[in-house]
Structure formats: C-alpha cells, structure tokens
Amino acid sequence: MAKKWIPASRVEGDASRQAHADFPEGTYEREISKEGFFGPAAFLHHKNPPTGWTDFEGPLRPRAFNLIGVNDSPNSPWDAPVVLHNNATEMRFWKLDAPMEMLARNADGDQLLFIHKGESELYCDYGHLTVRAGDYVYLPRGTMWRLDPSEPNAILMIQATNTHYTLPDKGLVGPHAIFDPAMLDAPEMDEAFKAQQSDTKGWTVQVKKRNAVSTITFPFNPLDAVGWHGELAPVRLNVKDIRPLMSHRYHLPPSAHTTFLSDRFVVCTFAPRPFETDPGALKVPFFHNNDDYDEVLFYHAGDFFSRDNIDAGMMTFHPSGFTHGPHPKALKNMFKPTKDATDEYAVMVDTRDPLEVGEGAASVENHEYVDSWKAKD
C-alpha cells in the first residue's frame, strides 16, 4: 500500500523555491527528508553552517577509520576483520597476499567484493574471471569460489544478509543509463578454468552460515563443472564503466548514483563527473539530516573534494540523525569550484538499520575526525 504523506507544501520567510540552488545570500541550506532522498523533504536556510559545532559528544559522533591500517592478512575471507555490521549486512576489510588454500561459500547471503587494490584470478562454480582494482564482484549466495592473487589485494566485502542484491530501477532514464547491463561480465569456462580442475589433491570448502563456519572436505576439486545455463551467475563491473547521472543546473542526491540494491541497504558509487555550471546551483554535497539511514563512505581513489584529510582506503561512518555536509575547505567553493570536474571514486553504503562498529574498524579509528568540520583559522 502506497504511503500517504502528511503534506505541508509552502515557502516561509526568506527561502529558495528550488532545492540546492539560488540560496538567499549568505545562507547555508540544510535538507530534512523522509526515506533517504526519496520521500518528502524540507529545505531550511541557516545563517551559519549546520556543522559549525565546537564540541560533539555521544553516539551520533561521526567516525572515520583508516582501513589500510588493518594489518591482518588471513587466507580465508571469513577470518577477515568485521568493520561494520547489523542484521541486514556485514562489511569486512580483507587483505589477501597469497592464493586461497580453500574454497569459500557464503550461505548467509549474497556477497559483494569491491577490489580496492591488486589483481586476482577468481575461480568459482561458473568459471574464471580476472578481477582487478575498481571491480565490483557480485557472488550469488551459495557460490563456491577462491581467489589466486598476482599481487597483494585489499578488498571491501559487503554481505546482503539472508537476502539478495538487485539492480536499481533507473526510471525515466531507462535501463541502459549509468551502466548498460551488457557491461556486466560473467565468468567463463575457459582454458584457465579447465586447467585448475586437474588439481586433484583434495579441497576443503569453508561455508559460512549464521556467522559460523563449517568445513567440508572433498577428495577432488569441487570446481569441476563442465557447463551451465540460466540467468543467475556472478558478475563483474568496474567503477570506470559507470557513467554517472548529472545535471548542470542541480546537485543530484546520492541516491542518483545507486549501483546495487538490497532489502535494507543500498550501494552507491561516486565517479568523476563535471561540476554544475549554473551560477546559482550548489557545487558540493548539501547539508542534510539522513534520519532514516546510516551512511558509510569508502574512499577508493582520487581527490575527495568534500572532505579534508581523507585518503584512499579510509572509511567514514555517519550515524542516522546526524546533520552532516561538506568540510569548511569545500564549503568555500560551494558556488565557484576551483576545477571543472570531480576526481574521485568512492563506494557509499546506506543502511536502513543502525550499524555496529566491529573490532576491525575500532582498532584503526581516527578519533579526531569529528573536529574536521571546525573552521580553520
């Protein structure tokens, strides 16, 4: 049944009539919205930046983690440190520098691997794929797989717990916008896949279910399929194949950059795009209360224009209910950017349910991140 929101559409006081554009002089816009950026919203214009605090205490404090500082390099993905988790998802950061000695299978839900660094050969039930930095690798629940790295890998793993990943509805722009489904590469039963079947030393499969691992031993290589057909398979998509939506007159919300959907969270990708050119249009992310979703950003590559002192391999966590927006340095360029386009790749995960911080993130936290919004002299 469709929601019937309580309407109160009006303009009060000195306010812009168009969101994210033509602000009253000297003001800062803040958005309050329902359902992330999909429901009704209000846009308030403030005399001061809504993040201009001098102190911030309590559980809503924004947090940042330098995941490159995670030193564990386990051979199994199920031993990789948990970074953030709730009942709908689990995020781990995995450093792998040697061929996996076992096969992995996730029975808890679909798995999404984001290859932050390195290159590997992926072998799975369906065949063989080469995966490299910038690749998303979707592994349907129950898939047996292993990685054989040619160089050290750093991988963000995002689990859709007890459910699935789907593609977003692209609405008016059609199914071929942002990325064409033809860009999704599936594994092939090529010569490399057939060659690995000759390894008959015996294999173990580590199956994760209800966050416990069972080990199944075979006297042969279980990746011994000779063919398959159907519409379910792992796929690969590289961030450089994503063509982001843009408007020269309006700063689009993060939801316009959705790449994958799950039941209780979304995965979005920020990729390089031109800045808005309309003189009155906002050129940086707008201040907003994301009161329905926790917001996570993993920074992959480039110059992260809206954040100070953020480097590739870092992750920020903004709990729902926390007003946030660009740092002071970016705020100076909110209408006149210093260059023509953004230069960043980042993965955003917005979760409907509150996230808990895992030990893997807590051990590499930057406790001074909350102070990065303070104005610099």
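The values are calculated or read from the model by the stated rules, or taken from the named source; none is laboratory data. Since the structure is predicted, the reported quantities are computational estimates derived from the model, not experimental observations. Positions of Cβ are backbone-derived with ideal geometry, glycine not excepted, and every protein chain shown enters the neighbour counts. Side chains are part of the model used for accessible areas, which takes the heavy atoms of the whole protein and leaves out ligands, DNA and RNA. Shrake-Rupley method; radii C 1.70, N 1.55, O 1.52, S 1.80 Å.
Each peptide in 294-300, 199-205 receives the mean, over its residues, of other Cβ atoms within 10 Å, and ordering these scores from highest gives 294-300, 199-205.
Ligands, DNA and RNA are left out, and with a 1.4 angstrom probe the accessible area of the range 239-314 is 37 Å² per residue. With an 8 Å Cα cut-off and a minimum separation of 6 or more residues, compute the relative contact order for the chain in percent. RCO, the chain: 22 percent. Given 211, 349, 56, which one lies farthest toward the positive end of the charge dipole of the chain, if we put +1 on the Cβ of every Lys and Arg and -1 on the Cβ of every Asp and Glu? With unit charges placed on the Cβ atoms, the residue in question is 56. Placing +1 on each Lys and Arg Cβ and -1 on each Asp and Glu Cβ, with no other charges, gives the range 258-377 a dipole about its Cα centre of roughly 540 debye. The slack between residue 47 and residue 16, meaning 0.36 nm per residue of separation minus the straight C-alpha distance, is 9.8 nm. Of the chymotrypsin sites (Phe, Trp or Tyr not before Pro) found in the range 300-377, the ones in coil according to DSSP and having at most 16 other Cβ atoms within 10 Å of their Cβ are 335.
The sum of -39500 (n - 2.57) across all DSSP H runs of n ≥ 4, divided by the residue count of the chain, sets its helix-only mean residue ellipticity at 222 nm to -500 deg cm²/dmol.
For the chain, the calculated P(r) over all alpha carbon pairs, in 20 Å bins from 0 to the bin holding the longest distance, is 27, 55, 17, 1 percent.
Across the options 281, 271, 238, the greatest Cα extent toward the positive end of the charge dipole of the range 211-345 (unit charges at beta carbon of Lys, Arg, Asp, Glu) belongs to 281. Averaging the Cα positions of each part gives two centres, and for the range 59-84 and the range 14-40 these lie 35 Å apart. Each peptide among 155-165, 228-238 gets the average number of other Cβ atoms lying within 10 Å of its residues, and from highest to lowest they stand as 155-165, 228-238. Pairs of alpha carbons in the range 1-124 separated by more than 24 Å make up 58% of all such pairs. On a per residue basis, the range 37-125 carries 41 Å² of accessible surface, using protein heavy atoms and a 1.4 Å probe.
Our note on the geometry: Cα centres of the range 229-255 and the range 307-377, 22 Å apart.
I need the peptides 124-136, 40-52, 92-104, 270-282 ranked by packing, meaning the mean over residues of other C-beta atoms within 10 angstrom, with the highest value on top.
124-136, 92-104, 270-282, 40-52
Here the scattering of the range 139-253 is modelled by Debye summation over its C-alpha atoms, one equal scatterer each and no solvent; at q = 0.20, 0.21 Å⁻¹ the log10 of I(q)/I(0) is -1.42, -1.49. Evaluated with a Cβ-only charge set (Lys, Arg +1; Asp, Glu -1), the range 14-149 carries a dipole of roughly 140 debye about its Cα centre, given to the nearest 20. Placing +1 on the Cβ of every Lys and Arg and -1 on the Cβ of every Asp and Glu, with no other charges, gives the chain a dipole of roughly 720 debye about its Cα centre.
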